[in-house]
DNA sequence: CAGAATCCCCGGTGATACTG
DNA sequence: CAGTATCACCGGGGATTCTG
């Protein structure tokens, strides 16, 4: 397939699809946080759990599994008496994390503009609502039973 | 608040949060595709709808609204007899889109490695399953009523 | 300590039909 | 043409409990 069938799958053939593909790996709620935390060398499950405030053990486990599956995190089990497991970000994950910086930087630099744009939009929106409801209607609170 | 209360909100204080913030703007299923399509100059609703294959009119409208609200897309209405509306990506959106490239590039360059990692993981996973089910059990299909 | 299992909720998304 | 309005789904994510 895709060879002659002319599937309608080519808007921004590569770039756009590739971006979504990257998001599938690191777009989950905790993905980036985990990779970031595991970038500073091996870190144990409990440490990870503590260093990422809002996360539940469940989501930590699940996200770690997908990251491990994709080769972004290595899992090392030390068969000591209280089980001890260490996680480390792979080189691949480090590259991914680095590729993330541009987006983070953009967000940091422009979240003020975004907020302003929202305020402006919401303001005009509210104004349009008023004139759409027709001025007369706004006076009629009509406290009649 | 946040002054002395020592809120547990500082894993990767800025970077990680900023990334998630960026995703809130462009992480939706169609966000990037729309910005990409609107980067090549003004484009009409129907054109947009055609150039992004899988999208429904509903999601196109909704996503355009949020993008407009965040100042990433400008909406221009021409009061002609058949209504004509044009959308254009703002400079802000262009910067955002540019900041996206690093991630897209990473995905393009490494999706092979990812696939390989997955295959390896799934292979070992299946193997572990077998030996965990205990060899004997695998022989017992037990066709008894 | 490091999970696995279960239940439940909610928001993003899709399908369909109607409108100015 | 360019939307809006409804309904319905389903999968990510959270809270809680159990285990080797």
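General observations
- Residue B:24 passes every criterion in (1) near DNA strand C (Cβ under 10 Å from one of its atoms); (2) part of a helix (DSSP H, G or I); (3) touching a helix residue (DSSP H, G or I) at 6+ places or on another chain (Cβ under 7 Å) apart from (3).
- Selection within the range A:76-94: residues that are surrounded by 16 or more Cβ atoms within 10 Å (Cβ to Cβ) and within 20 Å of residue A:19 (Cα to Cα). The member of this set that is farthest from the chain's Cα centre (by Cα) is A:92.
- Restricting the search to helices (runs of 4 or more DSSP H) fully inside the range A:27-145 and requiring at least 3 residues that are within 16 Å of DNA strand C (Cβ to nearest atom) and modelled with pLDDT of 95 or more gives A:31-37, A:45-51, A:57-69.
- Condition check for residue A:98: within 14 Å of chain B (Cβ to nearest Cβ), more than 16 Å from DNA strand D (Cβ to nearest atom) and touching a residue at least 24 places away in the same chain (Cβ under 8 Å): no
- Positions within the range B:16-40 being away from DNA strand D (no atom under 13 Å from the Cβ) and touching a strand residue (DSSP E or B) at 6+ places or on another chain (Cβ under 7 Å), in sequence order: B:35, B:37, B:39
The values are calculated or read from the model by the stated rules, or taken from the named source; none is laboratory data. As the structure is a prediction and not an experimental result, all values here were calculated from the model. Please note: Cβ atoms are built from the backbone with ideal geometry, for glycine as well, and neighbour counts cover all protein chains shown.
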